[in-house]
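S.K.: Dropping the structure in here first, questions after.
Here, each number is a calculation from the coordinates, and none is a lab measurement. Nothing here was measured: the structure is a model prediction, and the numbers come from that model. Note that each Cβ is placed from the backbone with ideal geometry, even for glycine, and that neighbours are counted across all protein chains shown.
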């Protein structure tokens, strides 16, 4: 579909006409998923109540640490918590009560209103991989990521039909000083895509820069009244909230921007080895974090996050797409829904070094659990490789294609008269076939989801064409998407102001790789 | 684990001692899955009732064809159906009533009683791929399957911890005449494995041979009173029951052997393009088939089968692991449970030509749907490639490893005091880690499922060891399993009698490749 659009553009007239057409026409992106299917609930109500009771005991008796953050301690004290040193003990019921001002659902606006997303309730918004210092592709192998790589991922994300969100640190542009990366990354999201994006969390001042860049892009008033970023605030599990992440949270919440409060847990290391124990700690951490966001600004949008995986007890390596991770995802989703909060988990998670069968089995397990487990915001939904150390170009397009499966699954099953197809069954009768019947003719175009990547050809054709595996097909697709890419239009005045802002910020700060 | 057992055997004494040890020790096989988790139900009660009503209309008004089978027509007429030519119209409610004598669950006995399986209720029994004329591996590429390939698959199945069943036509031994293959296949299942197996359905006389071989293996009386085979009876959709399959069904049902009554449907070709329409036809076909089995012998064990996939409307190629196939699986499972019958569907289905990422994504979708959709007997659970045209040695061990994921998922989540892990959370506290705590030490061995195949190594180690992908690791594992294989002991008198039976049958029949 995107190809057809690109071809149409290429036929357009020159100059002003082409610019006008570019403004009008856009690469196709599916609307975020709205589930028309039931969710899967693995835990009994009794188990959920046990976990909730125990989480309150953790908050009251053990407490959580807010590290190097006197302001946070003061806020907690004022709210009624018992503060000793950096330890905050939260009386039973207080955190849950504070969480009640957080909205059940919110809109994250994109600069193209058609790409704005609703996060919460029945929705599932898909965003790409976040955080890898390395990239990999067939041609160049595994290497440190650069800003060029980053831009290429943003372009691929823009061109990916089933991807709703441009993400955040799709890979780390390691060739840019650490204290300036956020400027280049945000500028790329804002200019190479028109999908919604995430802000920086590596320092409160960088979060502030992101807010200011959004004020240029969306207008200052718009940003104060509306959510235009959803940023990832990790809890330093177990039970620790560090000053960098909390500082970023404070900036975003104060500006009404959304935060995912997300324990980052390798089970057996940062949480107990048991699913129930891990869920208990996750709930305690999320409640403390979200309660704190509401102390900053009641009503600030937040997401109940759970990034939990298991560990290979022989080597200590984190493992992905495992059954325990799926169980935790399902359980965390139930806990989030009982709090009436949007839920973040899942992704295209895998431990494999290559976009091979292991990567795909593990990814599919996590994709499926995310769909049926009620995830509203799926970070890492495409491109994740090697336990998150690597962003893979080929896996990006492989996973992004698979997100189409989730869209079709989520649409559910229609049982109206047309779907019952009794006329077709009568028409064909015993021993006939349906290929030419009226019902098939009327519905075949939309009846079955179709990949844009996988091989469905007869063996002989496939063999003659080079017997290509999925990775090889994906490499070709990456190339094609990048070559078809056309930048979405942006008001030149805004573009100029953004470039000026980034140039000024870069000039006034010495480089730092810390 | 299997390796440890094999090594232990290799250390044993000579002659009689070794034979005794072989009888006592066996390669480890997990017990069939008993789900301790809820099922996923995609259809509303209202939709299910609509489908059930429409299926009765199909049976009553359109009817089904029993082709070249006067005995079947006579049985139907006697049971109260309206028979015109080969068309059988079944009055509303009659088929469902007849199905009521079929058991909700049955035991299929293996010659090793520890390997017997229960099919129905909460169980999931995994059996390998069935039917491919070709095999593939990295070394030899794609080629016609031989009896040697068949035997190798039976050995791999015997050595696969998470595989409960030896299957049937794991691949077609194309170097053996068609009319003698069943003898060699059954002999291989009986002698190279001690897991349960399937009988031949390609001709009623061959089904009879299978019964007679089972009488040699298990004893004549035992076979009459117990189920020792589960065989695959495909419906020739739409709405047609051919004489070969029905002839085999008649032999098996009369002998109290289990049959899977399974419409084989490529949606849009053999059934309507809509999920609801397809489910309606599936239900009508299964009800007619199972009702017929109960006319042969009330109480004969049967399985509600649904092998349904979608089609690529551009090329006409069947496609696998698609969202529509998952929806149909979930819906068919609900229909089967409402009839109180065991359910067969799912598998490691895929359309890919290679055991690559496409194969794994598609397989994982189907595996997951089978687990959550309530499948009791999962044929094709490992080894399926290229739309079922190819049995892949590497994919066999890849999928068989993944069946372990389903076992762990199915075990569910424990929420007792030990699993709550509150002592561990208190012990570790904010900022600590769980690797050394008492709870972790007590549980780490069983806490997380672990692959026997995938790569969890650090990047550097993996790279030094040759940067192997899943297929390469799988090829190595196939080799190792075959080299570790040790044949399970069998009473020499029985072995002799089986060999004699096969030799006699082969000698008295001229070769035929039809």
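S.K.: Hey, what does the equivalent ellipsoid look like for the stretch B:23-180, semi-axes from the Cα gyration tensor as sqrt of 5 times each eigenvalue, largest first, whole Å?
M.R.: Three semi-axes, in Å: 38, 25, 17.
S.K.: Right, next: Can you say what percent of the DSSP beta bridges in the protein assembly as shown, counting only those with both residues inside, are antiparallel? Round to 5.
M.R.: 45 percent
S.K.: For the pair residue A:479/residue A:221, report the inter-label distance in nm, with labels modelled 7 Å from Cα in the Cβ direction.
M.R.: 5.1 nm
S.K.: Still on this model: Rank the residues A:437, A:171 as a footprinting-exposure proxy: fewest other Cβ atoms within 10 Å of their Cβ go first.
M.R.: Ascending Cβ contact count within 10 Å gives the list A:437, A:171.
S.K.: Using Cα centres only, tell me the gap between the stretch B:22-75 and the stretch A:276-315 in whole Å.
M.R.: 43 Å
S.K.: Here is a follow-up. Compute the distance in nm between two label points, each set 7 Å from the Cα along the Cα-to-Cβ direction, one at residue B:416 and one at residue B:82.
M.R.: 6.1 nm
S.K.: Does a label point 7 Å from the Cα of residue A:508, set along Cα-to-beta-carbon, have any residues of the stretch A:188-221 with amide nitrogen under 12 Å, and which are they?
M.R.: So the set is A:209.
S.K.: Just report the Cα centroid separation between the stretch B:481-514 and the stretch A:155-204, whole Å.
M.R.: About 65 Å separates the Cα centre of the stretch B:481-514 from the one of the stretch A:155-204.
S.K.: How many percent of the alpha carbon pairs in the stretch A:95-161 exceed a separation of 14 Å?
M.R.: 73 percent
S.K.: Continuing with this model, one more query. For chain A, give the share of DSSP beta bridges that are antiparallel, in percent and rounded to the nearest 5; count only bridges with both residues there.
M.R.: 40 percent
S.K.: In the stretch A:366-514, what is the volume of the convex hull around the alpha carbon atoms, normalised per residue and reported in Å³?
M.R.: Spread over its residues, the Cα hull of the stretch A:366-514 gives 251 Å³ apiece.
S.K.: With r as the distance between the Cβ atoms of residue A:460 and residue A:46 and R0 = 56 Å, compute the FRET efficiency 1/(1 + (r/R0)^6) and round to 0.05. Present the calculation step by step, with values, prior to reporting the outcome.
M.R.: On the way: r = 58 Å, r/R0 = 1.03.
That gives a FRET efficiency of 0.45.
S.K.: Order of B:34, B:46, A:427 from fewest to most other C-beta atoms within 10 Å? Please list the in-between numbers first.
M.R.: Values: B:34 13, B:46 9, A:427 16.
Placing the least packed residue first, the sequence is B:46, B:34, A:427.
S.K.: Quick one: with label points 7 Å out along Cα→Cβ, list the inter-copy distances for residue B:427 in nm, shortest first?
M.R.: Copy-to-copy label distances for residue B:427: 6.8 nm.
S.K.: Let me ask something else. Can you tell me the 0 to 90 degree angle between the C-alpha axis of helix A:204-218 and the longest principal axis of chain A, rounded to 10?
M.R.: 50 degrees
S.K.: Still on this model: With each label point set 7 Å from Cα along the Cα-Cβ vector, what nm distance links residue B:205 and residue B:472?
M.R.: With each label point 7 Å from Cα toward Cβ, the separation is 5.2 nm.
S.K.: How long are the semi-axes of the equivalent ellipsoid of chain B, taking √(5λ) for every eigenvalue λ of the Cα gyration tensor, in whole Å from largest down?
M.R.: 38, 30, 22
S.K.: Which percent of Cα pairs goes in each bin when the distances of the protein assembly as shown are cut into 10 angstrom slices starting at zero?
M.R.: 2, 11, 19, 23, 19, 14, 8, 3, 1, 0
S.K.: How large is the Kirkwood hydrodynamic radius of the stretch A:344-412, in angstrom, based on all distinct alpha carbon pairs?
M.R.: It works out to 11.6 Å.
S.K.: Please give the length that would be gained between residue B:36 and residue B:444 if that part of the chain were fully extended, namely 0.36 nm times their separation in residues minus their C-alpha to C-alpha distance (nm, one decimal). It would help to have the intermediate numbers written out before the result.
M.R.: Values: separation 408, 0.36 × 408 = 146.88 nm, distance 2.12 nm.
In short, 144.8 nm is gained.
S.K.: Taking Cα atoms, how many degrees apart are the long axis of helix A:323-339 and the longest axis of chain A, rounded to 10 and kept between 0 and 90?
M.R.: So the inclination is approximately 70 degrees.
S.K.: Would you mind getting the Kirkwood hydrodynamic radius of the stretch A:260-311 from its Cα pairs, rounded to one decimal in Å?
M.R.: 11.4 Å
S.K.: On a 0 to 90 degree scale, rounded to 10, what angle separates helix A:70-79 from the longest Cα axis of chain A?
M.R.: So the inclination is approximately 80 degrees.
S.K.: For a footprinting-style exposure proxy, rank A:76, A:449, B:384 by other Cβ within 10 Å, fewest first.
M.R.: Least to most surrounded, the residues fall as A:449, A:76, B:384.
S.K.: Between copies, how far apart are the residue B:30 label points? List them in nm, one decimal, shortest first, with each point 7 Å from Cα toward Cβ, please?
M.R.: 3.1
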